[in-house]
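Colleague: Quick one: the structure is below, questions incoming.
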Amino acid sequence: MKPDGAPEMSNGWSDLVDLHSHVLPSVDDGAHDDETALQMLRVAQEDGVVAIAATPHAHRIAPERVEVGVARLNGLAREAGLAIRVMPGTEVRIAADLLERHRTGKLITLNGTRYLLLEAPLSGPWPRYLPQVVDQLHAEGVLPILAHAERYDDIQRHPELLLELIAAGVPIQVNADSLSRRAERGARPAAETLLRHHMVHIIASDAHHPQWRPPRLSEALAVAAEVAGRDYADWVAANSGKVIRGEALTLPAPRLPIVNGVGAIESV
């Protein structure tokens, strides 16, 4: 149900959920103060977003500060007359101690569900041990989501590297900004390639600022509808709500063969 104050969107996408943002103020490279955070929430609400996960980089903030920070930001949002709801989470970098951190309660999942936003290193080779990490997390009941897949250099060149993860049930997230005119080098063709082959399951903002990588989703969903069809874009849009409710996602089989949007390399 649409909260009071949330706009009706002419494109049909309302009640949107953003699963990846750096809106929590003064903790990482995202919002640097309360006013910036509130501006980001305002931008998101105007775009039809009713709930947004604050997912600061886990190595930048103690886990106990996340819940406190989210509660504080929700209070500030209410005082500012905003209806959008902020939910807790973190963006966790792949590391050898992930299981230990999970077992000791140091990993903050998305809205208290079993879903964990997981990122690979943005520089260096693709971590070939990632499927093993996924298996270990799954054995512990944790459901990883791979963050901003289109930004990794190796995925831009070889999107087929994601097939094993998708087969294991790992949802693939791409950034909304990667489907816009502001996309980083190589990100838009990679994101479109993944969409075209039904290898995108979540679109989130990864917002850091009201203007630079803003918390908007509707423009990206419109591009997704052009690239992969409106039904698929609607399915992607609905998945974020399922995640914050802790519901299971059933991932479609990717369309093969894959044609790399950057290097035009066919692979099966």
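A short reminder: the numbers here are calculations on the coordinates, not readings from a lab. Note that the coordinates shown come from a computational prediction; the quantities given were computed from them, not determined experimentally. Cβ sites come from the backbone with ideal geometry, for glycine too, and all protein chains shown count toward neighbours.
Colleague: Can you tell me which of 155-164, 224-233, 202-211 comes out highest on packing, and rank the rest after it, using the mean Cβ neighbours within 10 Å?
Modeller: For the peptides 155-164, 224-233, 202-211, the packing ranking is 202-211, 155-164, 224-233.
Colleague: Per residue of region 13-19, what does 6.51 cos²θ - 1.76 cosθ + 1.60 with θ = phi - 60° give for ³J(HN,Hα)? Whole Hz please, x for Gly and Pro, Karplus curve as stated.
Modeller: Once rounded to whole Hz, the list reads 9, 10, 6, 6, 10, 10, 8.
Colleague: Let me ask you something else. For residue 253 and residue 26, FRET efficiency with R0 = 35 Å and r from the beta-carbon atoms, rounded to 0.05?
Modeller: It comes out at approximately 0.20.
Colleague: Dipole magnitude of the chain about its Cα centre, charges +1 at Lys/Arg Cβ and -1 at Asp/Glu Cβ only, in debye to the nearest 20?
Modeller: Once rounded to the nearest 20, the dipole reads 160 debye.
Colleague: Quick check for me: using +1 on Lys/Arg Cβ and -1 on Asp/Glu Cβ, what's the dipole size of region 35-166 about its Cα centre, in debye to the nearest 20?
Modeller: The calculation lands at about 360 debye.
Colleague: Express in nm, to one decimal, how much length is gained between residue 139 and residue 153 on full extension, taking 0.36 nm for each residue of separation and deducting their alpha carbon distance.
Modeller: 2.1 nm
Colleague: How far is the Cα center of region 38-117 from the Cα center of region 200-255, in Å?
Modeller: First find each Cα centre; the distance between them is then 18 Å.
Colleague: If you take every DSSP beta bridge fully contained in the chain, what fraction is antiparallel? Give it as a percent rounded to 5.
Modeller: 10
Colleague: Looking at 102, 203, 246, which one has the Cα that reaches farthest to the positive end of the dipole of the chain (charges on Cβ: Lys, Arg +1; Asp, Glu -1)?
Modeller: Selected residue: 102.
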